[in-house]
Amino acid sequence: RRTLRLVFSRPSRLRRLIALGPRGWLATARFLGAVVPRAGRELALIRERAARIPDPLLREQALASIDGKAYHVQGGCILATFMRGEAARRYIAIVAAIETIYDYLDNLCDRLPGVTQQAYATLHASLIDALDDRRVPIDYYRDGPPGDDGGYLRSLVEAAREGLRVLPNYHAVRDNLVEVASFYADLQVLKHGPAGVRERACDAWYARNRERFPGLAWWEFAAACGSSLPVFALIELASRDRLDPAEIDATVTAYFPGVSAVHILLDYFIDQAEDREHGELNFVACYASSAEAVTGLRRLVTATLRRVRTLAGAAQHRFLVEAMCVFYLTHPKVFEQHLDRESAALLSALR
């Protein structure tokens, strides 16, 4: 019910969803009617484990990461809209565990005082372990924060690994999963440095990767590294009974940096006022002006839509991009910050 209220909270959002046409209406109905409830049930099971964490501070952050970011798990499961039966159930369970790891680590790094950059790196080893069944898990809290989580983070890692192992083509995408998640882990270390230092570090980071990912600003590359969607797209591929290896490369190319950059930049777009207030690094604010931000984002949206149209199952990937744009660009935060004009200009790129 909370998700339905959020999705249909504004007439402008409803109008934009209607504008997706019959294909979009059917996909939206299935996503809201089948995928979101299933994701909610999986998250409820995870929440029961979080509520049993012995350390009060870790328990607080684990519960907050679930209660405040349930829509991350629901949205992360969007490709299950186009799956059926056991494949959809299995996919949603895997995504729920992995996205909860992302969200829990995010809370530990952002909300707990005294967590060092070394701790960021060690904590995020759990994400790589969750995706790579060849690795031997470590003590993820050895560099902080202190406290006993009662095996909570390890249980999420194991749940993800167990789910991935039974997918028909997990081993075909495993190295790609690890690479994409490693970019994410590196970003978390770099972006949590002091102001000025973090920007220079991210700029130098992109310089080392520019040849492989040309044509981006450093903050666009950094944004792309901050999304979990490439991981979930690869897991959808792994769920297929038959998989053309060429489709793995095509999906990675479409989602990273394309879909992932759009995803995170839209998230930063609606959080501009909040990040200014708290002195947080905001990648949209790195553009020279609001007009340049709109131009840069439109370019990325247009290029991303063009790329996803080349994928097998293009309709499902286009729906993901369109629904993501509609969700963010009609969010109440847009209107609270008087970003209506910029939002309309970005939405026009979906035509």
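Kindly establish whether Ala125 is touching a Phe, Trp or Tyr at 6+ places or on another chain (Cβ under 7 Å) and open to solvent by less than 10 Å² (accessible area, probe 1.4 Å). Full working, then the answer.
Values: touching a Phe, Trp or Tyr at 6+ places or on another chain (Cβ under 7 Å): yes; open to solvent by less than 10 Å² (accessible area, probe 1.4 Å): no.
No: the conditions fail for Ala125.
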| message | List pairs: first residue in region 305-321 and polar (S, T, N, Q), second residue open to solvent by 40 Å² or more (accessible area, probe 1.4 Å) anywhere in the structure, Cβ distance under 7 angstrom, at least six positions apart or on different chains. | response | Gln316/Phe82
| Pair list, Cβ under 7 Å, 6 or more apart: region 46-69 residue acidic (Asp, Glu), other residue in a loop (DSSP other than H, G, I, E, B) | Asp55/Gly147; Asp55/Asp148; Asp55/Asp149
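Given the condition in contact with a His (Cβ under 9 Å, 6 or more places away or on another chain), in a helix (DSSP H, G or I) and open to solvent by 20 Å² or more (accessible area, probe 1.4 Å), answer yes or no: does some residue in region 198-212 qualify?
Looking through region 198-212, at least one residue is in contact with a His (Cβ under 9 Å, 6 or more places away or on another chain), in a helix (DSSP H, G or I) and open to solvent by 20 Å² or more (accessible area, probe 1.4 Å).
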| remark: Given the conditions (1) in contact with a helix residue (DSSP H, G or I) (Cβ under 8 Å, 6 or more places away or on another chain); (2) surrounded by 15 or more Cβ atoms within 10 Å (Cβ to Cβ), every one holds for Arg135 apart from (2)
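Can you go through Glu280, Glu322, Glu247 and tell me which one is of a type in the set (Asp, Glu) and either in contact with a Ser or Thr (Cβ under 8 Å, 6 or more places away or on another chain) or open to solvent by 60 Å² or more (accessible area, probe 1.4 Å) (or both)?
Working: Glu322 fails: either in contact with a Ser or Thr (Cβ under 8 Å, 6 or more places away or on another chain) or open to solvent by 60 Å² or more (accessible area, probe 1.4 Å) (or both); Glu247 fails: either in contact with a Ser or Thr (Cβ under 8 Å, 6 or more places away or on another chain) or open to solvent by 60 Å² or more (accessible area, probe 1.4 Å) (or both).
Selected residue: Glu280, the only one of Glu280, Glu322, Glu247 that is of a type in the set (Asp, Glu) and either in contact with a Ser or Thr (Cβ under 8 Å, 6 or more places away or on another chain) or open to solvent by 60 Å² or more (accessible area, probe 1.4 Å) (or both).
For every residue, the table says whether it meets (1) acidic (Asp, Glu); (2) at pLDDT 65 or above; (3) closer than 15 Å to Glu322 by Cα; (4) surrounded by fewer than 16 Cβ atoms within 10 Å (Cβ to Cβ).
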{"position": "Arg5", "(1), (2), (3), (4)": "no, no, no, yes"}
{"position": "Gly21", "(1), (2), (3), (4)": "no, yes, yes, yes"}
{"position": "Ala29", "(1), (2), (3), (4)": "no, yes, yes, yes"}
{"position": "Val36", "(1), (2), (3), (4)": "no, yes, no, no"}
{"position": "Arg41", "(1), (2), (3), (4)": "no, yes, no, yes"}
| request: Evaluate the following for Tyr170: is it buried (at least 17 other Cβ atoms within 10 Å of the Cβ) and without any contact (Cβ under 8 Å) to a residue 24 or more places away in the chain? | output: no
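Go through region 206-242 residue by residue and tally those that are among the aromatic types (Phe, Trp, Tyr), closer than 15 Å to Arg174 by Cβ and over 11 Å from the mean Cα position of the chain (by Cα).
From region 206-242, those among the aromatic types (Phe, Trp, Tyr) are 206, 213, 218-219, 221, 232; that's our starting set.
Those still in the list that are closer than 15 Å to Arg174 by Cβ too: 232.
Applying the additional criterion that residues be over 11 Å from the mean Cα position of the chain (by Cα) yields none.
Total meeting the criteria: 0.
Do we find that Ala64 is part of a helix (DSSP H, G or I) and closer than 30 Å to Phe327 by Cβ in this structure? Quick ask: steps written out before the conclusion?
Working: part of a helix (DSSP H, G or I): yes; closer than 30 Å to Phe327 by Cβ: yes.
Against the criterion (part of a helix (DSSP H, G or I) and closer than 30 Å to Phe327 by Cβ), Ala64 qualifies.
I'd like to verify a number: residues in region 151-166 that are farther than 24 Å from Gln117 by Cβ, among the hydrophobic types (A, V, I, L, M, F, W, C) and surrounded by 21 or more Cβ atoms within 10 Å (Cβ to Cβ), how many?
Within region 151-166, the subset farther than 24 Å from Gln117 by Cβ is 151, 155, 158-166.
Pick out the ones that are also among the hydrophobic types (A, V, I, L, M, F, W, C) and you get 159-160, 164, 166.
Next, only the ones that are surrounded by 21 or more Cβ atoms within 10 Å (Cβ to Cβ) stay: 159-160, 164.
Number of matching residues: 3.
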| task | Determine whether region 71-87 contains at least one residue that is at pLDDT 95 or above, under 14 Å from Ala185 (Cα atoms) and not basic (Lys, Arg). | result | no
| note | When region 81-120 is checked residue by residue, the ones that are among the hydrophobic types (A, V, I, L, M, F, W, C), surrounded by 18 or more Cβ atoms within 10 Å (Cβ to Cβ) and touching a residue at least 60 places away in the same chain (Cβ under 8 Å) are Phe82, Met83, Ala93, Ile94, Val95, Ala97, Ile98, Leu105, Cys109
| field | Sole residue being in contact with an Asp or Glu (Cβ under 8 Å, 6 or more places away or on another chain) and hydrophobic (A, V, I, L, M, F, W, C), chosen from Leu320, Leu300 | value | Leu300
| said: If I go through region 217-240 residue by residue, how many of them are assigned to a helix (DSSP H, G or I) and open to solvent by 10 Å² or more (accessible area, probe 1.4 Å)? | reply: 4
| request: Would you check which residues across region 70-96 are closer than 20 Å to Ile264 by Cα and of a type in the set (A, V, I, L, M, F, W, C) and list them? | output: Ala70, Val73, Cys77, Ile78, Leu79, Val95, Ala96
| note | Just one listed residue, out of Leu305, Leu300, Leu347, Leu329, is at pLDDT 95 or above and either open to solvent by less than 10 Å² (accessible area, probe 1.4 Å) or under 25 Å from Ala29 (Cα atoms) (or both), and it is Leu305
| In the set Glu280, Glu220, which member is at pLDDT 95 or above and of a type in the set (Asp, Glu)? | Glu220
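The values are calculated or read from the model by the stated rules, or taken from the named source; none is laboratory data. The shown structure was predicted, so the numbers you read here are calculated from the model rather than taken from an experiment. Cβ atoms come from the backbone with ideal geometry, glycine included; neighbour counts cover every protein chain shown. What goes into the accessible areas is simple: the full protein's heavy atoms, side chains included, and nothing from ligands, DNA or RNA. Shrake-Rupley method; radii C 1.70, N 1.55, O 1.52, S 1.80 Å.
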